[in-house]
Every structure is written in structure tokens, then in C-alpha cells.
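The values are calculated or read from the model by the stated rules, or taken from the named source; none is laboratory data. These numbers were taken from a predicted model, which means no experiment stands behind them. Here the Cβ positions follow ideal geometry from the backbone for every residue, glycine too, while neighbour counts run over all protein chains shown.
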Amino acid sequence: MKLRYLSHSAFQITTKGGVRLLIDPFLDGNPNAPVRSNEVFADFIVLTHAHGDHLGDAKKIARASNSQIICVNELGLILEKQGFNTHKMGIGGSHSFPFGKIKFTIAHHGSLTDEMQYAGEPSGVLLFIDDKIIYHTGDTGLFLDMKLIGEINKIDYMLLPIGDNFTMGIDDAVKAVEFVNPKTAIPMHYNTFPVIAADPLEFKSKVEQRGKRCKVLEFGEEIIIN
């Protein structure tokens, strides 16, 4: 499996079987994105919530790629009315797909479309793919139930925000890593805008001081997960 960081909270996953997934594909309006929406393809698009920097270019990509969009029920209903192929889920529910399994978790944030339409609860997402578990927290503050997520699921990679203001800052994100105890933590949701400026190397240092592993991905960098 390949994991590529497209900056902000956007990631691209390519499974061993060649299935391509995008998570929160905010690309065209993103100053740090290494690619634009017309340069990517997705069999599936996973959305954590409806804010413009997460829903992003999902509609453009879904139209061009004939993607299925996987998201919480209320956001799925909105997109379904607009003609998109969606798979709607609830927080805490899981479902198996051709590439593996997805389960949505709670996240402490909000979810409103650019048209000011309520789009259900924000979420994190667990991806069970190629015998690995990836936890993309979505936009969230720190919450104690992260401990349960880590106890129930042995997380291989935790993708979590460090930019503060709208989400966890560095110190709360370090505590989140302690709660979940993933094999590797990867910071996201930073330096896209001045208000979420943060130093990922500071996060990495603090995580490693606590005996945990952290990998800072450059924008556009891809790693292979075996």
C-alpha cells in the first residue's frame, strides 16, 4: 500500500490491488497542494466533514473519476441529491468495501457546507486496508475516547492535526498520540493558512521524547506501507 500526503488533511492511498482512495481532497484552493484536482483519480473518496477545506474538490474529482463518496449520512444525503454516488454511514458504524473496511469515529469540530447547510456530525475515520489500520482523525480537538480507539484498534498510522485554532495544537496532538499509541504518527492540517501555522518538527521532537515514532511527510511525499 502507498500513502501520499497531498498537504492540509488530504491523503491519497493506493492499495496493493491498485484501488485508489482520496481523503479530504482539498487541492485547487490549497497553496501547498502538489497537484490539482484534474491531476488525480479516485475510485473512492472519503470525507470527514463538509467544510470547504475538506470537502474541497471531491465533487470535481468524483464527476471526472466516477468515484463513490464515503461519508456520514447527512453529508451523503446532500451529495446524493446533487447526483453523486455515495455510501452513507453513521458514527461508530463500519462497512466493508472492495479495498477493505471503513469505520467512522467521533471528532469534536463542526460540519457546514459552503452554502451554510448543516451536514451532520464531523468524523474521524479508521481505514482497514491491506492488513494495516490507518486512523485519520479529521478535524478535532483532543478527547479522552481516543484511548478507547487505540485500545480497540491497534493503529499502525495516526494522521492528526497540529495547526491549532480550529483543531488540536501541537501539545494536545502529542497527548492524542499518547492516548492512541499508534506505531507511527503523521502530522497534518498545518501551514495551509497563517492562522494554522505550526512547526511539524516540534511535534515530531515532542512525540519522540515520549518514546513514540513520528514521520513528517513533505507535501507530495509518498511512502510505502508494508
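Considering the conditions (1) under 26 Å from PRO98 (Cα atoms); (2) more than 12 Å from the chain's Cα centre (by Cα), ALA33 is excluded by exactly one of them, (1). Of everything in segment 44-101 that is β-branched (Val, Ile, Thr) and touching a residue at least 40 places away in the same chain (Cβ under 8 Å), the residue that is nearest to GLU121 (Cα to Cα) is VAL72. Residues in segment 65-123 that are on the phi > 0 side of the Ramachandran plot and over 18 Å from the mean Cα position of the chain (by Cα): ASN66, GLY83, MET116. Across segment 27-43, the number of residues qualifying as crowded, with 18+ Cβ neighbours inside 10 Å and either among the basic types (Lys, Arg) or without any contact (Cβ under 8 Å) to a residue 40 or more places away in the chain (or both) comes to 4.
Any chance segment 181-203 includes a residue that's over 20 Å from GLU221 (Cα atoms), at pLDDT 95 or above, surrounded by fewer than 16 Cβ atoms within 10 Å (Cβ to Cβ) and basic (Lys, Arg)? No; the residues of segment 181-203 include none that is over 20 Å from GLU221 (Cα atoms), at pLDDT 95 or above, surrounded by fewer than 16 Cβ atoms within 10 Å (Cβ to Cβ) and basic (Lys, Arg). Looking across segment 107-120, the residues that are under 18 Å from ASP145 (Cα atoms) and buried (at least 19 other Cβ atoms within 10 Å of the Cβ) come down to ALA107, HIS109.
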